Amino acid sequence: MASAVGRLRLEIGIAIRNERRGRGLTLRELAESARVDPSTVHNVEVGEPASLEVLQHIAMALRLDLRVEIASSRRSGVARVEDPVHAAMGEIQAAHYQKLGMRTNLDVPFQHYQHAGRADFLAWSAESAHLLHLENRTQFPNTQEALGSFNAKRAYLGAELAERLGIGRWRHQAHVIVALWSAEALHSLRLRNATWRAACPDSGVFGAWWLGELPPTGILSELIVWDPLEGIRRDRRRWVGLGEVATVRPRYHGYREALAALRAAARA
């Protein structure tokens, strides 16, 4: 039993370390978001014992849902660290743009010199040289980290992907932050509204892409607040732009409520 628990701790630690590095976070940055000591994060990543409370703080700082399953002695232990709400957002987006005849991909790695990261969702048309990059966010534990990551992807992702696909150059790129329509996310966006307006000044580009009406040229950026359940609740809008953040009411109190709603919808 002790060896199985040890393997579980190590698997959880590796998953957390890989996610932290994939997001370009240092130990100290993750520790500050999780409100624990950097040494605690290090110990978790190398498989040292930690309380479930500490693990949950770290997982939430990374926008992950922590699940641990200890199997019987005849089976090896399994540890999974995932974010079901984030995954649902990407799944809905992929299904929609595939219906429009576009190529799609999720969680795409890229690297530009010293910056390494992953693009949450991509849709593109090689024929017309149009690229859509969506950065899905269920929370904003660190505004500067989120903005820095988005700016780097906006600057470098398109060129690397065009080279990888043999397209040459995109005629148009749209880079959109898609925030969960929760009180938690709205609060963060309202506190830093001017910052986000400066980073994402364009409006309407997401709506055009959603309808398949692709802009002709240019690089545009937008931030929207999105409800992943709107496909079921057809009587309400699916998203609003940054200009409406100050006045709209939240659809969910926080991440946990959105997760519960998605699970209830899946059972229905």
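Annotations for the structure displayed:
- Residues in the stretch 152-179 that are in a helix (DSSP H, G or I), in contact with a strand residue (DSSP E or B) (Cβ under 9 Å, 6 or more places away or on another chain) and of a type outside the set (Lys, Arg): Ala152, Ala155, Tyr156, Leu157, Gly158, Ala159, Glu160, Leu161, Ala162, Leu165.
- Subset of the stretch 198-207 [of a type outside the set (A, V, I, L, M) and loosely packed, with under 14 Cβ neighbours inside 10 Å]: Pro201, Gly204
- The stretch 22-39: number of residues that are assigned to a helix (DSSP H, G or I) and surrounded by 14 or more Cβ atoms within 10 Å (Cβ to Cβ): 9
- Applying the criterion of being basic (Lys, Arg) and under 16 Å from Ser149 (Cβ atoms) to the residues of the stretch 16-36, the residue that is farthest from the chain's Cα centre (by Cα) is Arg21.
- Set Ala162, Ala155: member being more than 20 Å from the chain's Cα centre (by Cα) and either of a type in the set (A, V, I, L, M, F, W, C) or farther than 16 Å from Leu220 by Cα (or both): Ala162
- Set Trp210, Trp170: member being in the same structural domain as Arg256 (by TED's automatic domain parsing), buried (at least 18 other Cβ atoms within 10 Å of the Cβ) and either of a type outside the set (Val, Ile, Thr) or at negative phi (or both): Trp170
- Residue that is modelled with the highest pLDDT [pool: residues in the stretch 221-268 that are among the hydroxyl-bearing types (Ser, Thr, Tyr) and farther than 20 Å from Pro141 by Cα]: Ser221
- Counting only strands (runs of 3 or more DSSP E) that sit wholly inside the stretch 40-116, those with at least 2 residues that are closer than 30 Å to His253 by Cα, under 18 Å from the mean Cα position of the chain (by Cα) and at pLDDT 80 or above are 103-112.
The values are calculated or read from the model by the stated rules, or taken from the named source; none is laboratory data. Computed from a predicted model, the values in this text were never measured in an experiment. Using ideal geometry, Cβ is built from the backbone for each residue, glycine included, and neighbour counts are taken over all protein chains shown.
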